[in-house]
Amino acid sequence: MDSITFLAAKARQSAEHKVLTFAATASDILKFARIDRVGRDEQGSLFGFQRPQIASHIREIQDYLERPDSVLPNAVVVAFTEGVTVTPLEGGLARIEIELRDEPAGLVVDGQQRLTALNQSSRDDFQIFVSVLVCQNEAELRRQFVLINNTRPLPKSLIYELLPTVDGLPERLEGRSIAADLTQKLNYDHRSSLQGQIRQHTNPRGVIVDTAIQRVLMTSLSDGIMRDLIREPRGEAKCFELISAFYSAVQTVFSDDWKDQKPSTSRLVHGAGIQAMGYVMEVLAARGARKLGDFFPGLNCLEGHTAWRSGSWDFGGGDIRHWKAIQNVHGDVVSLAHHLISVVRAGLRRQGQTAELTAMEQMMEGADS
């Protein structure tokens, strides 16, 4: 099998990995490395892990590289799990031999736009630094990708979409992994009322921003009904069924405010509306709602008291907002949620359904004050 060899500097870092750096042209790099862009197959399973190309940014880099005084000091990071032989030499150097295959063994985990721009430029002799990371397996490669890019200005939604495929993450990311996994299922499982409606890197045609759904889930998992459900047998499945049933009921009761709408035309599918309705879900779930029909009595109380697409919200105390003035910020979400919860509670009382404040409602009362 053909191979390509470089003289590299070897860094003393993790005992479990090999980390080296050398200089190479774009054409040489693309002989042994590929940009594996994130996507999903027909079953919704994730493959790849790089963000889509950003054409305008690539053109900017390419234009810059055409200048004779251009420099690119930042390295492209390429990870391998196989196809690499490292021979230590004296003085911290090493010889790295990379097999050349029909499908390159290396994966670009950072610097895809720089590499693409350089490859499209006329600078055939322009070398950039390549940092090579040799990982033990694919799972470790994905983990390193998340950790490397989490400190860089990479879209958070892409990081969150990858979390369910990665083990051994810091606690702050592990806590979001369950919510990210549920979001994925809600978007790709055919049983979900939200199938195909959540905008992710692998589903850019979705309308509902993925981070809004994740905030609903994370709030529930930490302080709401899902905190208990997730500990039960089939816990994650029960959480999935609950939120799918609730938003199915929402789409039925507010069909005109949901169907064929987008955040700019309806605040119901806006980040603020999705999150505020999540608190309504908590109130109804705490009163025993689990299935589709259980949510209708509470949601019906909201009819005539919303301004999703027109009119104004009356939050009381002289706080009146034009429907489009509601933004996806914490204060607006809390005000909207408090209004919706108050209307639902009043409506349920009229129906003869009384109950003490739930823990979630108590938290909302505190946030409002």
What are the residues in region 81-96 that are over 19 Å from Arg12 (Cβ atoms) and either modelled with pLDDT under 90 or open to solvent by 80 Å² or more (accessible area, probe 1.4 Å) (or both), if any?
Thr81, Glu82
Among the residues of region 232-241, the number that are surrounded by fewer than 20 Cβ atoms within 10 Å (Cβ to Cβ) and either farther than 18 Å from Val216 by Cα or touching a Leu at 6+ places or on another chain (Cβ under 9 Å) (or both) is 6
Any idea which residue in region 118-158 is surrounded by the most Cβ atoms within 10 Å (Cβ to Cβ), counting only those that are in a helix (DSSP H, G or I) and modelled with pLDDT of 90 or more?
Leu118
Can you name every residue in region 205-229 that is part of a loop (DSSP other than H, G, I, E, B) and free of Cβ contacts under 8 Å to residues at least 12 places away in the same chain?
Arg205
Give just the number: which of (1) over 18 Å from Val209 (Cα atoms); (2) among the basic types (Lys, Arg); (3) surrounded by fewer than 15 Cβ atoms within 10 Å (Cβ to Cβ) does Arg290 not satisfy?
(3)
Scope region 196-238; condition over 23 Å from Asn328 (Cβ atoms) and of a type outside the set (A, V, I, L, M, F, W, C); matching residues
Arg227, Asp228, Arg231, Glu232, Pro233, Arg234, Gly235, Glu236, Lys238
Taking region 230-280 and keeping only residues that are of a type in the set (Ser, Thr, Tyr), over 16 Å from Ile178 (Cα atoms) and assigned to a helix (DSSP H, G or I), one is left with Tyr247, Ser248, Thr252, Ser255, Tyr279
Only one of these conditions is not met by Trp308: (1) within 18 Å of Val216 (Cα to Cα); (2) touching an Asp or Glu at 6+ places or on another chain (Cβ under 6 Å). Which number is it?
(1)
State yes or no: is Leu141 in contact with a helix residue (DSSP H, G or I) (Cβ under 8 Å, 6 or more places away or on another chain) and of a type in the set (A, V, I, L, M, F, W, C)?
no
Would you check which residues across region 18-49 are open to solvent by 30 Å² or more (accessible area, probe 1.4 Å), modelled with pLDDT under 80 and out of contact with any Gly (no Cβ under 7 Å at 6 or more places or on another chain) and list them?
Arg40, Asp41, Glu42, Gln43, Ser45, Leu46
Determine if region 305-324 includes at least one residue that is farther than 13 Å from Ala337 by Cα, modelled with pLDDT of 95 or more, open to solvent by less than 50 Å² (accessible area, probe 1.4 Å) and of a type in the set (S, T, N, Q).
no
Within region 325-347, how many residues are surrounded by fewer than 19 Cβ atoms within 10 Å (Cβ to Cβ), in a helix (DSSP H, G or I) and of a type in the set (S, T, N, Q)?
1
Any chance you could count how many residues in region 180-196 are open to solvent by less than 10 Å² (accessible area, probe 1.4 Å) and assigned to a helix (DSSP H, G or I)?
5
Just one of (1) touching a helix residue (DSSP H, G or I) at 6+ places or on another chain (Cβ under 6 Å); (2) open to solvent by 30 Å² or more (accessible area, probe 1.4 Å) trips up Ser56, so point out which.
(1)
Members of region 6-17 that are surrounded by 12 or more Cβ atoms within 10 Å (Cβ to Cβ) and over 30 Å from the mean Cα position of the chain (by Cα):
Phe6, Leu7, Ala8, Ala9, Lys10, Ala11
Give region 27-36 a look and list any residue that's over 30 Å from the mean Cα position of the chain (by Cα) and not acidic (Asp, Glu), or say none.
Ser27, Lys31
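The values are calculated or read from the model by the stated rules, or taken from the named source; none is laboratory data. Quantities reported herein were computed from a predicted structural model and do not represent experimental measurements. Please note: Cβ atoms are built from the backbone with ideal geometry, for glycine as well, and neighbour counts cover all protein chains shown. For the accessible areas, the whole protein counts, side chains as well, though only heavy atoms, and no ligand, DNA or RNA atoms are used. Shrake-Rupley method; radii C 1.70, N 1.55, O 1.52, S 1.80 Å.
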